[in-house]
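What follows is a short report on a single structure.
The values are calculated or read from the model by the stated rules, or taken from the named source; none is laboratory data. Everything numeric in this text was worked out from a predicted model, so none of it was measured. Note that each Cβ is placed from the backbone with ideal geometry, even for glycine, and that neighbours are counted across all protein chains shown. For the accessible areas, the whole protein counts, side chains as well, though only heavy atoms, and no ligand, DNA or RNA atoms are used. Shrake-Rupley method; radii C 1.70, N 1.55, O 1.52, S 1.80 Å.
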Amino acid sequence: GGEHLEVARTYCNMAIVFRKQGQYEKALEYYQKDLDITIKVVGHGHPDVATTNMNMGIVHEKLGNFEEALFHHGKAEVVFIAVYGRQHRDVADTKYNIAGLHEGQGNLEAARELFLESAEIYAAVLGPEHEETLDARRRAETVGEEEEEEEEEWEEEEGEDRGDEDEEEDSEDHGEGQ
């Protein structure tokens, strides 16, 4: 039968490929298949379930489904804390991703607090000078600034057509994959 972790991992890998190709709906379909099998085999409280939820959250964010993204990242955070405790890289990654969601929605204080929490965990787990620690600290210090700069650029370039830009920003999401 198809209810083995190897099959779930294959679905996950397929989802990652679809996500990298920008085929987000297809990625969600395969992450869901991965999630369904993984839950049947190992239960809801397993790190693989949390990782798939985190990946689904990343895809929902790309699609602009911020409530769904928050839901999946929240589920991931609960499992990671239950399995590893609060001082673990996966917990920091999840807090970082949730902070980014809050920042994108204009919830700047919540974003700042979560970036700081993730920085504290990264410092404890990876060291105070690790790139993940420094990045989370920088994001906490500059919450909301990128959006303000983009708005200023938009105002300066009024009249220019900016709708044909196909460049996708490099993802700053933390902890993707299984």
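Structure data summary
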{"read-out": "Residue selected from segment 56-78 under the condition in contact (Cβ under 8 Å) with a residue 24 or more places away in the chain and in contact with a His (Cβ under 8 Å, 6 or more places away or on another chain), by the criterion most open to solvent (accessible area, probe 1.4 Å)", "value": "Phe66"}
{"read-out": "Count of residues meeting criterion [within 18 Å of Val49 (Cβ to Cβ) and part of a helix (DSSP H, G or I)] in segment 1-18", "value": "12"}
{"read-out": "Qualifying residue in segment 23-37 (condition: open to solvent by less than 40 Å² (accessible area, probe 1.4 Å), within 20 Å of Ala82 (Cα to Cα) and out of contact with any Phe, Trp or Tyr (no Cβ under 8 Å at 6 or more places or on another chain))", "value": "yes"}
{"read-out": "Filter pass, Gly64 being in a loop (DSSP other than H, G, I, E, B), out of contact with any Phe, Trp or Tyr (no Cβ under 8 Å at 6 or more places or on another chain), farther than 20 Å from Asn97 by Cβ and not hydrophobic (A, V, I, L, M, F, W, C)", "value": "no"}
{"read-out": "Counted residues, segment 126-141 - those being over 14 Å from His88 (Cβ atoms) and either touching a residue at least 60 places away in the same chain (Cβ under 8 Å) or in contact with a Lys or Arg (Cβ under 8 Å, 6 or more places away or on another chain) (or both)", "value": "1"}
